[in-house]
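*Asks:* Below is one structure. I have some questions about it.
The values are calculated or read from the model by the stated rules, or taken from the named source; none is laboratory data. Computed from a prediction, not measured in an experiment: that's the story for all the values here. No Cβ is skipped: glycine too gets one built from the backbone with ideal geometry, and neighbour counts run over all protein chains shown. Ligands, DNA and RNA are stripped out before the accessible areas are found, and what is left, the full protein with its side chains, is counted by its heavy atoms. Shrake-Rupley method; radii C 1.70, N 1.55, O 1.52, S 1.80 Å.
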Amino acid sequence: MAAESLARSGIGRLTLVDFDQISLSNLNRHPFASRSTVGRAKLDVARERLGEIAPACRVDCKALFLDGETVPELLAAGPYDALLDAIDSLGPKVELLAQAAAIPSMHTISCVGAARRSDPGAFRVRPLFETRGCPFAQLIRKRLRRRGVLDLERVFLEAFQRFLHIGVCHQPQAKPVPGIIHHLKMLGAEAFFI
């Protein structure tokens, strides 16, 4: 959703990073997911959609799982004006944020605490070390401190609201997938314009 919003706003170049394929569990939260795209690489589908929306936008795709080896490779391929992190796995998110923190000119926005939330008015934009009420952000701060990152003057989106039971099942007998109200994903892109 953020990539689509940025392309629609006239951004001339985007670098997208993902290693995954679209699955049924993405249907409730991924803007490029539909039954016809299940099984396809997320990057291929995103590039096609963004090309239809904003043909002048250059979309570079990197099929990477972010870790200690691939994050330096990604950051070295820059320079980038900004980094929008929407990773939902703790290890890759911490790795990316820790290494991006060493680049003073990197404008970073990271999203935390959106799963099972429904009220866009409950979101706050603030530095990571000032976030409260988000267990995921707390784990990120703890791991960053272990790596010597004691302050991160980057912007983080954080939800202040109790969890709702939002889950979606796309297959019989399947465990519900933690959901997010689709319009909340727009906040990640909109934060760039604040």
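*Asks:* If we scan the stretch 62-75, do we find a residue that is under 24 Å from ALA102 (Cβ atoms), aromatic (Phe, Trp, Tyr), in contact with a Leu (Cβ under 8 Å, 6 or more places away or on another chain) and surrounded by fewer than 16 Cβ atoms within 10 Å (Cβ to Cβ)? Working first, answer last.
*Replies:* Going through the stretch 62-75, the residues under 24 Å from ALA102 (Cβ atoms) turn out to be 62, 64-75.
Going one step further and asking which of them are aromatic (Phe, Trp, Tyr), we end up with 65.
Still in the list and also in contact with a Leu (Cβ under 8 Å, 6 or more places away or on another chain): none.
No: zero hits.
*Asks:* Can you name the residue in the stretch 17-34 that is among the aliphatic types (A, V, I, L, M) and open to solvent by 30 Å² or more (accessible area, probe 1.4 Å) and, of all such residues, is modelled with the highest pLDDT? Don't jump to the end; show me each part of the working.
*Replies:* First, the residues of the stretch 17-34 that are among the aliphatic types (A, V, I, L, M): 17, 22, 24, 27, 33.
Subset that is open to solvent by 30 Å² or more (accessible area, probe 1.4 Å): 17, 24, 27.
Working: VAL17: 95, LEU24: 91, LEU27: 85.
Here the residue is VAL17.
*Asks:* Here's another thing I want to ask about it. Of the numbered conditions (1) free of Cβ contacts under 8 Å to residues at least 24 places away in the same chain; (2) in contact with a Phe, Trp or Tyr (Cβ under 9 Å, 6 or more places away or on another chain); (3) buried (at least 17 other Cβ atoms within 10 Å of the Cβ), THR37 fails exactly one; give the number of that condition.
*Replies:* So the condition that THR37 fails would be (2).
*Asks:* Restricting to the stretch 23-34, give me the number of residues that are farther than 30 Å from PRO79 by Cβ and without any contact (Cβ under 8 Å) to a residue 60 or more places away in the chain. Before you say what the answer is, go through the steps one by one.
*Replies:* Filtering the stretch 23-34 down to residues farther than 30 Å from PRO79 by Cβ leaves 23-29, 33-34.
Cutting the leftovers down to without any contact (Cβ under 8 Å) to a residue 60 or more places away in the chain gives us 23, 26, 33-34.
Total meeting the criteria: 4.
*Asks:* Still on this structure, I have one more. Which residue, of ILE109, ILE53, is within 25 Å of LEU150 (Cα to Cα), β-branched (Val, Ile, Thr) and in contact (Cβ under 8 Å) with a residue 40 or more places away in the chain? Please lay out each step first, then the result.
*Replies:* Values: ILE53 fails: within 25 Å of LEU150 (Cα to Cα).
Among ILE109, ILE53, only ILE109 is within 25 Å of LEU150 (Cα to Cα), β-branched (Val, Ile, Thr) and in contact (Cβ under 8 Å) with a residue 40 or more places away in the chain.
*Asks:* Using beta carbons and a limit of 6 Å, which pairs, at least six apart or on different chains, have the first residue in the stretch 2-20 and more than 17 Å from ARG58 (Cβ to Cβ) and the second one part of a loop (DSSP other than H, G, I, E, B)?
*Replies:* Filtered contacts from the stretch 2-20: PHE19/ALA63; PHE19/LEU64; PHE19/PHE65.
*Asks:* Among ARG13, ARG58, ARG49, which is the only one that is open to solvent by 40 Å² or more (accessible area, probe 1.4 Å) and either touching a helix residue (DSSP H, G or I) at 6+ places or on another chain (Cβ under 8 Å) or polar (S, T, N, Q) (or both)? It would help to see each step written out before you state the result.
*Replies:* Working: ARG13 fails: either touching a helix residue (DSSP H, G or I) at 6+ places or on another chain (Cβ under 8 Å) or polar (S, T, N, Q) (or both); ARG58 fails: either touching a helix residue (DSSP H, G or I) at 6+ places or on another chain (Cβ under 8 Å) or polar (S, T, N, Q) (or both).
Answer to the selection: ARG49.
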